[in-house]
Amino acid sequence: GACKSGPAWPRHSTTKSSHHHFLSSDVYHQIFVRPDDDTITRRLEWGQGPSEEKLLAELQCYRCEVTGLRSAYQHVLKVINGDQPPADVYQQGGAPDGGGG
């Protein structure tokens with residue numbers, strides 16, 4: 001559907017030898033999951049994200065869906081602020097062992 005695409009996450013290049021780089025699938029967050037190595041930080045690359053028009057369409061779709069879902073599941077709904085460290089989100093969501101799968 002129109003609301004199915006996910007966000008573009010940053011990937012990084014790491015040195016394989018002095019002249020060769022490869023792109024890993026490691027995902028970082030600017031606040032909560034930063035690379036430990038300055039070399040990786042310098043080589044971070046952003047994936048190509050959706051256009052502004054597509055983002056606005058997805059946001060409108062999200063708003064419509066959330067309204068219906070809140071109403072349908074209000075008796076079991078648990079709201080968690082996702083703007084905090086991942087361990088706190090996992091703990092509030094009830095995921096065991098930090099949410100690892």
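The numbers here are math on the coordinates, done by the rules we state, and not lab data. Since this is a predicted model, take the numbers as computed values, not measurements.
Annotations
- Stokes-Einstein translational diffusion, the stretch 26-101 - Kirkwood Rh over all Cα pairs, 0.692 mPa s, 37 °C, in µm²/s: 207 µm²/s
- Length available on full extension from Asn81 to Leu55: 0.36 nm per residue minus the Cα-Cα distance, which gives 7.2 nm.
- Full-stretch length increase - Val66, Gln48 - with 0.36 nm per residue and alpha-carbon distance subtracted: 3.9 nm
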